[in-house]
């Protein structure tokens with residue numbers, strides 16, 4: 001067994017190669033692995049890891065996974081991914097630990113199904129508060145410019161603030177790697193944390209999950225491309241969520257195609273399933289909202305950012321109402337105060353104040369009844385890396401409308417579109433710069449309205465809703481974790 005002195009101290013990763021003593025952390029990410037110490041110089045650290053993993057294998061212990069997440073758990077699609085992957089992996093016997101960003105010390109209340117002793121936090125500082133010792137001095141940076149909690153966008157960070165984030169998070173990660181000696185590092189998102197994992201322990205197999213949002217961040221702040229890509233491109237395996245994100249992995253992040261598989265998301269079958277509900281009771285309990293008697297209800301869920309297409313949904317509701325449909329709209333979610341005010345002003349400007357509501361966000365366990373209470377679910381996104389909320393709505397038996405973009409065309413069963421229980425419309429046109437073509441906004445709203453009308457005009461019986469839910473049953477989180485276990489096994493040294 002290697003001596004304790006051979007195991008990496010938590011700050012070893014900060015030291016550049018002896019012949020490049022002035023190399024900054026960003027330089028090392030940008031030019032990885034050119035500025036790294038010769039592998040021989042870190043042989044003791046690698047030997048310590050190899051010994052620890054071999055000892056666990058010889059004892060018949062399960063694989064040890066350290067899952068790394070740079071945002072809050074559960075607040076977004078990737079946050080739900082973290083929660084579900086971690087809990088399901090532990091249920092299936094993996095020795096899994098989580099390191100996540102947080103504004104408080106995270107517990108099993110934040111990641112249900114994962115014991116407190118397996119959850120570790122990199123603390124960030126909420127806006128307007130004084131940093132605690134050992135915390136990142138600034139707020140969390142979300143993988144989107146607007147998030148459903150306070151953030152400081154990556155594009156708004158100074159170099160000093162970015163280095164502080166990476167140094168503090170990297171120190172926490174290095175400490176855990178030295179203590180746990182995991183078989184596999186699984187990092188969420190193709191972004192800076194992949195780079196930290198490579199700098200800290202380049203010998204540990206690295207799995208990354210691609211949710212599609214890193215591509216948007218590169219488009220939003222191109223200066224990050226040269227810093228992020230080298231380490232991301234070195235990942236041993238990337239779990240993409242759709243064919244579209246596969247293309248982004250290859251073209252933007254230069255990941256070799258042989259290292260990418262489409263794994264998608266999943267849903268919890270014991271939470272998202274069809275059962276009849278009293279619509280008025282559900283909406284009164286959750287939102288103190290009562291749609292007009294006899295009206296139909298369209299629901300959408302998401303954060304208030306332009307690419308979610310909520311303004312086009314509002315236009316579609318207005319168009320349908322002018323055509324004689326007694327339709328109400330419910331957009332469940334949140335954004336920063338400015339985004340909410342902007343969306344509400346748009347609704348008011350369309351004369352739909354009484355017909356389209358923004359009731360706020362709800363807990364995840366409250367979503368199923370909201371999906372079930374809807375006559376149709378609408379995913380109006382301009383681009384949609386995956387569309388987890390659409391998957392959940394369909395699993396609850398709710399007829400749905402969505403655009404032919406991102407994940408939905410890949411996971412929505414063709415039987416549902418063939419029967420008219422799910423309607424796919426042409427997406428909004430995008431320019432060569434990746435921005436929406438303003439001239440297509442009204443036409444996109446018309447296409448959404450036509451898809452919604454097709455469902456509103458179709459008699460939908462309880463048997464139809466049961467058939468929708470049944471068609472989704474093969475897409476549970478359990479299926480995804482089985483695939484991940486196969487990936488971990490293939491990459492493991494022993």
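None of the figures in this text is laboratory data; all of them are computed from the coordinates on show. In this text the structure is predicted, and so the values were computed from the model without any measurement. When we count neighbours, we look across all protein chains shown, and the Cβ atoms used for this are built from the backbone with ideal geometry, even at glycine.
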Taking only the alpha-carbon atoms of the chain, what semi-axes of the equivalent ellipsoid follow from 5 times the gyration tensor eigenvalues under a square root, in whole Å, largest first?
42, 24, 20
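Based on the mean of other Cβ atoms within 10 Å per residue, sort peptides 238-245, 61-68, 35-42 so the most packed one is first.
Top to bottom by mean Cβ count within 10 Å: 238-245, 61-68, 35-42.
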Hey, any idea what the orientation-averaged projected area of the convex hull of the range 375-494's Cα atoms comes to, in nm²?
9.5
Using 7 Å Cα-to-Cβ label points, what is the residue 341/residue 57 separation (nm, one decimal)?
5.9
Rounded, prolate or oblate: which one fits the range 131-245, using the alpha carbon gyration tensor with axes a ≥ b ≥ c (rounded when a/c is under 1.5, else prolate when a/b beats b/c, else oblate)?
oblate
At 0.890 mPa s and 25 °C, Stokes D of the range 209-367 from Kirkwood alpha-carbon radius, µm² per second
131
Expected sort for 327-337, 308-318, 430-440, 201-211 on mean C-beta neighbours within 10 Å, highest first, is 308-318, 201-211, 327-337, 430-440
So, with points 7 Å from each Cα along the Cβ direction, the residue 203-residue 221 label distance in nm works out to 3.4
Among DSSP beta bridges whose residues both lie in the range 356-494, state the antiparallel percentage, nearest 5.
10
The alpha-carbon center of the range 33-84 and that of the range 262-305 are separated, in whole Å, by 38
Between helix 43-58 and the chain: long-axis angle, C-alpha atoms, 0 to 90°, nearest 10
60
Cα gyration tensor, the range 279-474 - rounded (a/c under 1.5), prolate or oblate:
rounded
If you fit an axis through the alpha-carbon atoms of helix 477-491 and take the longest principal axis of the Cα set of the chain, what angle between them do you get, 0 to 90°, nearest 10?
20
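Using 1/(1 + (r/R0)^6) with R0 = 41 angstrom and r between the beta carbons of residue 483 and residue 288, what's the FRET efficiency to the nearest 0.05?
0.45
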What is the list of residues in the range 61-84 whose amide nitrogen lies under 15 Å from a point 7 angstrom out from the Cα of residue 108, following Cα to Cβ?
none
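For residue 247 and residue 47, FRET efficiency with R0 = 35 Å and r from the beta-carbon atoms, rounded to 0.05? Could you put the intermediate results ahead of the total?
Details: r = 40 Å, r/R0 = 1.13.
Once the sixth-power term is evaluated, E becomes 0.30.
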Nearest 10, in degrees from 0 to 90: the angle of helix 462-471 to the longest Cα principal axis of the chain is 20
Given the -39500 (n - 2.57) contribution per DSSP H run of 4+ residues, what per-residue ellipticity at 222 nm results for the chain, rounded to the nearest 500 deg cm²/dmol?
-12000 deg cm²/dmol
I'd like the distance between the alpha-carbon centres of the range 367-429 and the range 142-191, rounded to an integer number of Å.
32
Average the reciprocal distances over every distinct pair of alpha-carbons in the range 1-118, invert the result, and give the Kirkwood radius in Å.
17.0
For a quick protection proxy, order the peptides 128-137, 12-21 by their average other-Cβ count within 10 Å, most packed first.
12-21, 128-137
